[in-house]
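In what follows, a structure is listed as C-alpha cells, so that the remarks can point back to it.
The values are calculated or read from the model by the stated rules, or taken from the named source; none is laboratory data. In this text, all values refer to a predicted model and were calculated from it rather than measured experimentally. Glycine also receives a Cβ, built like all others from the backbone with ideal geometry; neighbour counts cover every protein chain displayed. Just the protein is used for accessible areas: all its heavy atoms, side chains included, with ligands, DNA and RNA removed. Shrake-Rupley method; radii C 1.70, N 1.55, O 1.52, S 1.80 Å.
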Amino acid sequence: IREAGAVPVLMLVLTSTKSSAAVVLGALEVLRPLSRDADSKEMLRDAGAFRPLLSALQLSAASAPAPSSSSPGATQPSSVAPSEEAVARREAAECAVGVLRNLATSPANQDALRTAGAVKVLISLLGSGEESTDGGGDAAGGEASFVLSAKAAATAATALSNLAVGNAANKVAIRQQG
C-alpha cells in the first residue's frame, strides 16, 4: 500500500468533508495495520495524518450531525440512516484510536502528536467507556452523547502510555491535562 502510493489517497479520504463515516472507517482500517510498520509511521507523519486522525475522534466525540442535511425534514424514515452513520462514526473513532496508539510508539512521532493535540483528545476519551453522564438519556439523547467502548478507552490509555515512553515533555503534558 505504501509502495503503491496509496497513503496520499487515504489522507484525502480522511480530510474530505464529503467522505461518509463508512468510507472514513474503510480508510482507517487500511491505515491501522500500516501504522504498525516503522517506515509507514514516518510516512504517515510526513503525510500529515495526525490532524485528520484527531479530527475523526473530535467529530465523533462531539457527535457532529451527519453530513446530509435531509434528516431535519423527515423524522421517522431517516431515523435509521443517522443511526447507521452514528455507528460508523463510532467505529471510525475506535479505529482511529488504534492508529494513534500504533503511531505513538515511534519516538519521532511523540512530540508531533503532542503538538497536534493528541494528549488532550486521548485524555477526553479515557472516561468514554463508561455510561454517559449528560443526563437526558432519551433515544435522541443517546445518539447525541458519543460513547466509545471500554476497549477503545483502554486503547486511548495505551496510546497515552506510548506517548509518555521516554518523552518527558509528553509526561508533563499528560499530567497537566489529565
Please verify whether region 111-125 includes one or more residues that are more than 30 Å from ASP39 (Cβ to Cβ), β-branched (Val, Ile, Thr) and at pLDDT below 95.
no
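Go through region 21-41 and count every residue that is open to solvent by 40 Å² or more (accessible area, probe 1.4 Å) and either among the aromatic types (Phe, Trp, Tyr) or under 18 Å from GLU84 (Cβ atoms) (or both).
Residues that pass the stated criteria total 3.
So that you can scan it fast, the table gives a plain yes or no per residue for (1) of a type in the set (S, T, N, Q); (2) modelled with pLDDT under 95; (3) surrounded by 14 or more Cβ atoms within 10 Å (Cβ to Cβ); (4) assigned to a loop (DSSP other than H, G, I, E, B):
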| position | (1), (2), (3), (4) |
| --- | --- |
| LEU57 | no, yes, yes, no |
| SER71 | yes, yes, yes, yes |
| SER78 | yes, yes, yes, no |
| PRO82 | no, yes, yes, no |
| GLU85 | no, yes, yes, no |
| ALA92 | no, yes, yes, no |
| ARG101 | no, no, yes, no |
| ALA108 | no, yes, no, no |
Selection over region 166-177 where residues are open to solvent by 80 Å² or more (accessible area, probe 1.4 Å) and either touching a residue at least 60 places away in the same chain (Cβ under 8 Å) or under 19 Å from the mean Cα position of the chain (by Cα) (or both) yields a count of 1
Per the list (1) modelled with pLDDT of 80 or more; (2) part of a loop (DSSP other than H, G, I, E, B); (3) among the β-branched types (Val, Ile, Thr), residue check on THR133 breaks on (1)
Is it true that some residue in region 140-155 is under 20 Å from PHE50 (Cα atoms), modelled with pLDDT of 95 or more, outside any helix (DSSP H, G or I) and open to solvent by less than 30 Å² (accessible area, probe 1.4 Å)?
no
Exception for THR15 within (1) within 20 Å of SER83 (Cα to Cα); (2) open to solvent by 70 Å² or more (accessible area, probe 1.4 Å); (3) touching a Lys or Arg at 6+ places or on another chain (Cβ under 9 Å) falls at (1)
